[in-house]
Amino acid sequence: MAFYRDGIELSEVGGFRGHDGYDGVFLAVPGTRAHLELTAGGEHGAPAPHPESLLVLYLGEVRAVEAILRRAGVEPVVPANPYWAEHGVTVMDPDGFRVVLVPEWWEPAGNARSDPH
């Protein structure tokens, strides 16, 4: 959780402990009313990271990407999909899951600037 809260600066807005054997935390997604929920627990093991399982964050500016890289203390990794090498910076969280930091804003489908990658 510290990687996402402190490194990416998603604010912690809530969470729970011991709910049917699960713990979780809610992290606010800036500029939205949405949140990211991270959970742990249960009887099954954690999933293995896969190079195509991505959390993609459209940050809107290069400075935001650079600031996250500094705060999180992570180095970029080569993405499996070459699209992300051209359009963002891929890093791994402490569990080995990949996060793509994109310096542009996401544009909805139908906008001339969108790319279906």
Within the set of pairs 6 or more residues apart or between chains, which connect a residue that is of a type in the set (Gly, Ala, Ser) inside segment 86-105 to a residue that is open to solvent by less than 20 Å² (accessible area, probe 1.4 Å) with Cβ atoms less than 9 Å apart?
-> Gly88/Val65; Gly88/Val100; Gly88/Leu101; Gly88/Val102
Please go through segment 82-112 and pick out each residue that is open to solvent by 50 Å² or more (accessible area, probe 1.4 Å), under 18 Å from Glu66 (Cβ atoms) and part of a loop (DSSP other than H, G, I, E, B).
-> Glu104, Trp105
Report whether or not Leu54 is touching a residue at least 24 places away in the same chain (Cβ under 8 Å), of a type in the set (A, V, I, L, M) and closer than 14 Å to Leu10 by Cα.
-> no
How many residues, within segment 4-50, are closer than 25 Å to Ala67 by Cβ, in contact (Cβ under 8 Å) with a residue 40 or more places away in the chain and either of a type outside the set (D, E, K, R) or open to solvent by less than 70 Å² (accessible area, probe 1.4 Å) (or both)?
-> 4
Kindly provide the set of residues from segment 60-76 that are part of a loop (DSSP other than H, G, I, E, B) and surrounded by 14 or more Cβ atoms within 10 Å (Cβ to Cβ), ordered by number.
-> Gly60, Val74, Pro76
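The values are calculated or read from the model by the stated rules, or taken from the named source; none is laboratory data. The structure presented is a predicted model; accordingly, all values stated were derived computationally and were not measured. All Cβ positions, glycine included, derive from the backbone under ideal geometry; neighbour counts span all protein chains shown. Surface accessibility is based on the protein's heavy atoms, side chains included, excluding ligands, DNA and RNA. Shrake-Rupley method; radii C 1.70, N 1.55, O 1.52, S 1.80 Å.
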